[in-house]
Structure formats: C-alpha cells, structure tokens
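The values are calculated or read from the model by the stated rules, or taken from the named source; none is laboratory data. Values in this document were obtained by computation on a predicted structure and should not be read as measured data. Here the Cβ positions follow ideal geometry from the backbone for every residue, glycine too, while neighbour counts run over all protein chains shown.
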Amino acid sequence: MEKELSLEDLLKTLPSQEGLTIEHNGKTYYRPYQTFTYKGETFEGLREMKERRQLFLNLIKQHNVDTSGSYLDIGCNMGYFPRVFSEVFSEVYGIDYNQYYTWFAKTISPELSNCYFNYDINSRGLKSFFGNEKFDFVTSLSMIEYINDKQQFVKDIFDLVKDNGLVVFEGHSMDINLGFDKKYENIIRSMPWKVERLSVLTDNGINAPREAKGRPVWTCTKKG
C-alpha cells in the first residue's frame, strides 16, 4: 500500500504557475491552478471555483439534468469538479492529458481514484477512449484552445452526451479580445443541439493578462 503523502510533501510537488506562490507555515510553494483541500487545509488556486460551481449547479437544475446519471469533466486538471460533483451525480469521471494532474487528483481524493484517467485527446481522439459510453452532464472548461482538431472534438462531445443531457463549454481569458470566441462558437453551433451563449463571463484567473475580458460560456442541450 502506497504511503500517504504529508501535506508539505504534496505542496512541494506543485508545478510553477508563472511563478505565482502561496505561503504555508512560513514556507513558499507554487500556487495551484485549482483550489484544493488536503488534510483539512484549503489552498486557493489561480481560478475562482465557488462561483463557477454554483453556476454549473444552477445550470444542472435549470436544464433538469438527471443527477442519478453520470458526469464527465474533459480536462479535469486537479480534479476539482469531479470531486465536488461526486456529491451530486451517481458517477463522475475526469480525464486529463497531464499525468501529474491525474495523480494529484487521485492523491487528494483516494476514494475517487478509479474516476480519473490520463489521456491525450490530441494523439488518440476523445471518442476512442469512451466508445459508446454516454453522459448526462459534460464540461469542457478552458480546453478547446489546446485541441488540434476542434471540429472533431466538438462532434465527439456531441456523441458522448445523452439525449436531454447538458454540455458546458468554457473559453479562455483572451478569447473575446482575440475574436476566438466567435470561431469557437461557430464550431459549437455546427452540431444539431440547442446552443446558448451565457451573458455571464467566468473569471480570467489571476495569471491572465490584465486586458482579458473574461471567459465565454456556452450551454448545449441535445434533445431526443
């Protein structure tokens, strides 16, 4: 059985996020990308998480998503959303190409260790991992920028969500500034589902350029 990491040893593993740091017991560590709790202590990340969690909970309720079903977070990073939504959905899953992040997610939530998967979408495609499995709620948060074949990526997500399920896409901090939001929205709208661009923007993250206007959010509902 693998020995449980001390809090200090876990903090030492945090990778640099553009040099941004946190302090704990007089020592300096790199700031995590996502907020996490370990051994009863919480460390704030680069991204705001509580308001986004509430936004998604409101969307789940608004769209009558079946919470007795399953949730998938594509690009789950340190596992925050699968972790919090494990209290909402019967099954949760998270995938990320970065092996460190899936290791981290399993380390701080060992009870969910079978829910996180290391997978490179750009190399193997999203559909090949899940086959015909489908989900009631899917999030792709600040992911599309990093995908090579964005059209295929969106199509694969369309195929992965159940009828009457919900998908949430979140863009990136500079998308509106650069006009990428329009390009991504056109791709998202190319699938035969109902798309709504929310009036609300999510946080840029404290490491984003000062001129960033906020991250766009789209909801997609697929009717049977």
Single residue of 61, 106 found to be within 25 Å of residue 223 (Cα to Cα) and either part of a helix (DSSP H, G or I) or not acidic (Asp, Glu) (or both): 61
Odd one out for residue 90, checked against (1) assigned by TED's automatic domain parsing to the domain that holds residue 173; (2) under 18 Å from residue 142 (Cα atoms); (3) hydroxyl-bearing (Ser, Thr, Tyr): (2)
Tally, over segment 36-45, of residues that are assigned to a loop (DSSP other than H, G, I, E, B) and crowded, with 19+ Cβ neighbours inside 10 Å: 1
From the options 157, 108, 187, 176, residue that is aliphatic (A, V, I, L, M), touching a residue at least 12 places away in the same chain (Cβ under 8 Å) and crowded, with 20+ Cβ neighbours inside 10 Å: 157
Residue 161 being closer than 24 Å to residue 52 by Cα, of a type in the set (A, V, I, L, M) and in contact with a helix residue (DSSP H, G or I) (Cβ under 7 Å, 6 or more places away or on another chain): no
Residue in segment 201-222 that is in contact with a Pro (Cβ under 9 Å, 6 or more places away or on another chain) and closer than 28 Å to residue 18 by Cβ present: yes
